[in-house]
Every structure is written in structure tokens, then in C-alpha cells.
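The values are calculated or read from the model by the stated rules, or taken from the named source; none is laboratory data. Because the structure is predicted, anything quoted here is derived from the model rather than measured. Positions of Cβ are backbone-derived with ideal geometry, glycine not excepted, and every protein chain shown enters the neighbour counts. Calculation scope for accessible area: heavy atoms of the full protein, side chains included, ligands and nucleic acids excluded. Shrake-Rupley method; radii C 1.70, N 1.55, O 1.52, S 1.80 Å.
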Amino acid sequence: MPRMNMIQALNSALDIKLATDPDTLIFGEDVGYFGGVFRVTEGLQQKHGLTRCFDSPISEGGIVATAIGMGAYGLRPIIEIQFADYILPAYDQLVSEAARLRYRSNGEFWCPITVRSPYGGGIFGGQTHSQSPEAIFAHVTGLKTVIPSNPYDAKGLLLAAIEEDDPVIFLEPKRLYNGPFDGHHDKPLTTWAEHPSGEVPAGHYTIPLGSAAIVREGREATVLAYGTMVHVCAAAIKESGIDAELIDLRSIVPLDIDTVAASVRKTGRCVIVHEASRYGGFGAELSALVQERCFYHLRAPIERVAGWDTPYPHAFEWDYFPGPARVMKALKRCVEAVA
């Protein structure tokens with residue numbers, strides 16, 4: 001089986017759709033000749049032509065608005081917002097138009113667009129290239145929000161997202177593009193070539209949206225994470241020696257709450273980890289859902305580990321970034337709590 005990093009896996013998914021579905025097309029800032037700022041679309045314009053993969057003006061609102069019109073017309077556009085930090089100028093189009101088109105038209109029109117965007121920190125991008133805005137999309141009815149954590153999932157989830165008939169926000173953890181990250185920025189980097197999830201089928205396959213993955217089975221606590229935090233949590237569990245179950249949510253809308261609830265009922269304890277700021281973050285919704293579904297099984301208060309409630313810093317990135325040390329402290333508090 002071929003080995004790919006996440007960039008290559010995403011490129012492979014896009015290549016397959018352009019080759020097999022004439023209604024798909026790709027556009028965004030620098031995605032054509034240049035191949036995208038992270039090279040996810042590299043070579044696609046040369047292979048599929050100027051009308052299937054092309055550059056757009058620097059106008060995030062215009063990019064999304066154009067895609068909505070194409071989607072309503074019957075096409076299946078895949079657009080790239082260069083960094084998720086820059087998606088806010090397009091927020092009104094996504095919320096007021098894309099998310100509501102099916103409801104507003106009583107099902108007469110729908111909006112099959114996929115909005116790809118690199119997100120998250122860990123690359124010294126500072127406060128304008130490191131944010132994690134998933135919660136503001138999860139709150140909007142009509143939008144699906146997907147976040148892969150490895151190349152295998154990235155390709156299968158992206159193909160599923162493109163084939164959806166409703167708008168999907170596809171957030172790509174840029175810290176994971178070239179390899180997994182265990183939260184120790186001062187240790188040597190590993191690559192996807194050395195990781196089992198770097199094995200990616202060359203052909204078409206999909207992973208259903210709303211299907212979480214149990215990364216590691218355990219008995220003492222349940223750890224919920226997505227994106228880069230999946231790898232940070234795996235390192236924290238290993239270093240703590242605690243027999244915790246690790247669940248990669250893979251998509252937060254739709255959310256696989258059944259897998260989450262079954263795990264928490266088994267372990268009786270829950271730790272939620274994400275990069276975004278804690279206050280009003282998606283961890284708050286997760287915590288409420290676990291409380292509703294698992295209250296009589298919980299043996300300890302639910303723990304949340306997240307970014308601090310400040311703008312994402314450049315100089316103190318590794319103090320902001322939830323690393324294994326903070327996850328281990330939360331795990332220990334959770335496991336040692338007495339009901």
C-alpha cells in the first residue's frame with residue numbers, strides 16, 4: 001500500500017474527484033499554478049486544466065459566495081481558504097446563505113460545497129495563523145465540521161465530504177501535514193512514513209462523517225480529542241501509565257455521541273482536550289452531552305484541557321498549546337477523584 005503524508009493523501013482525494021466527477025472543481029487563493037500555500041493542490045491544474053483548478057482573487061467572502069452559486073446550479077465546488085484565521089470575512093456567506101439554502105428553499109436547492117482550510121497551531125504562526133475556529137461552525141445548523149488526524153482518515157473523510165449534498169467545513173491540522181506530533185516540540189520530528197496511518201490506499205474510499213475512531217482502548221478513563229490533540233493525548237496516556245481509552249471524534253458535526261457515551265459509561269471518567277480556547281469551546285458542548293448521557297455512570301467531574309482564553313501567542317506558543325503535561329495532570333485528577 002502507498003505511504004503518504006497528509007498533504008499527499010488530500011491531494012490524492014482531490015485528484016480522484018477531479019478525474020471521476022466532471023461536476024467538481026477547485027478554486028481559492030494560489031491553489032492553481034502554485035499548488036496552494038501548503039501544496040495540497042500541487043499539480044492538479046497542470047493535470048486537469050485551468051477550468052477545473054484555478055486561482056481566485058483575495059476575497060474569502062467572494063470565494064464562498066461563488067461556490068454557493070455553483071452548488072445551487074448543480075456543480076460540486078471544493079474551495080480553499082488559505083488559513084482558517086481568514087475565514088471570518090466569509091462567515092456571513094457560510095451562515096446566512098450556505099447553511100440555510102436547503103431550508104430556505106424547502107429542499108428545492110441545496111449547497112454541496114466543501115470548504116477546506118488549514119487550522120490550528122504548532123508552527124510558530126502567531127495569532128493570525130494558528131487559531132482553531134471549529135466551535136463557531138459547530139454552532140451553526142446546516143454546516144458539517146470535519147477534522148482529520150492522520151493521512152488515512154484525511155483522504156477518506158475528504159472524499160466523503162465532497163460527496164455530501166450539504167456544506168462541509170473541512171479543517172486540516174497543519175501541524176500534522178508532514179507527520180504526527182506528540183506535543184514535545186523539542187524532540188526530533190517523526191514522519192507519516194513511520195506511522196501506521198501513513199498507509200493510504202491509492203484508490204477511492206470513504207469514511208462516513210459522524211463516525212468516531214477508538215484509537216486506544218482502556219478501562220480507567222475516556223479521553224476525547226480531535227486533530228493534533230489526538231497525538232498529544234496518545235503521548236500523555238503513554239507517559240502517564242494510566243489505562244485510558246482515547247477516542248478521535250473525526251467530525252464534531254455530525255458527532256458520534258453513541259461511541260462517546262458507550263466509552264464513558266464503561267470507564268466512568270472523561271477528559272476532553274482541544275486546541276481552541278476553553279471558554280465557549282466545543283469542549284463545553286461535549287461536556288454537557290456527556291453529562292446528559294452518562295450522569296449516573298460518572299465517578300469523577302469531567303475535565304477539560306484547552307488553549308488559554310487569550311489571543312494565540314507567538315513567543316509563548318508552547319505555554320498556550322495543550323501539551324502532554326497538562327493532559328496528564330487532568331488525567332491524574334480525573335482518575336484519583338473519589339466519587
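Positive contributions from Lys and Arg (+1) and negative ones from Asp and Glu (-1), summed over other residues with Cβ under 15 Å from the Cβ of Trp318, come out at -2. Computed on the Cα atoms alone, the convex hull of the stretch 195-309 gives a volume of 112 cubic angstrom per residue.
Using unit Cβ charges (K, R positive; D, E negative) and no other charged atoms, how large, in debye to the nearest 20, is the dipole of the stretch 57-123 about its Cα centre?
Values: 5 positive and 6 negative charges, 50 e Å.
Approximately 240 debye in magnitude.
Per residue, what accessible area does the stretch 12-72 have, given a 1.4 Å probe and all protein chains present, in Å²? Let's see the in-between values first.
Details: 2590 Å² over 61 residues.
On a per-residue basis, the stretch 12-72 sits at 43 Å².
Sorted into 5 angstrom bins from 0, the C-alpha pair distances of the stretch 245-327 split as 3, 14, 24, 23, 18, 10, 5, 2, 0 percent. Once the Cα-Cα distance is subtracted from the 0.36 nm per residue extended length, the His139 to Arg265 segment shows a gain of 42.8 nm. For the chain, the longest principal axis of the Cα atoms and the long axis of helix 257-267 meet at an angle of about 20 degrees. When the inverse distances between all different Cα atoms of the chain are averaged and flipped, the Kirkwood radius reads 20.2 angstrom.
Convert 25 °C to kelvin, take the viscosity as 0.890 mPa s, use the Kirkwood radius over C-alpha pairs of the stretch 1-108 as Rh, and evaluate the Stokes-Einstein diffusion coefficient in µm²/s, rounded to a whole number. Please report the intermediate quantities before stating the final value.
Numbers: Rh = 14.6 Å.
The Stokes-Einstein estimate is 168 µm²/s.
All other residues whose Cβ lies under 13 angstrom from that of Val37 are scored, Lys and Arg at +1 and Asp and Glu at -1, for a net of -4. When the solvent-accessible area of the chain is split by element, carbon and sulfur atoms take up 54 percent of it, the probe being 1.4 Å. Modelled label positions at Asp165 and Tyr205, each set 7 Å beyond Cα in the direction of Cβ, lie 2.7 nm from each other.
Along each principal axis, taking the top coordinate minus the bottom one, the Cα set of the stretch 103-172 gives 45, 27, 14 Å in descending order. Could you work out how far helix 228-240 tilts from the main Cα principal axis of the chain, as a 0 to 90 degree angle to the nearest 10? So the inclination is approximately 20 degrees.
With a threshold of 29 Å on the Cα-Cα distance, the over-threshold entries among Lys238/Lys266; Lys17/Lys144; Lys155/Lys329 are Lys155/Lys329.
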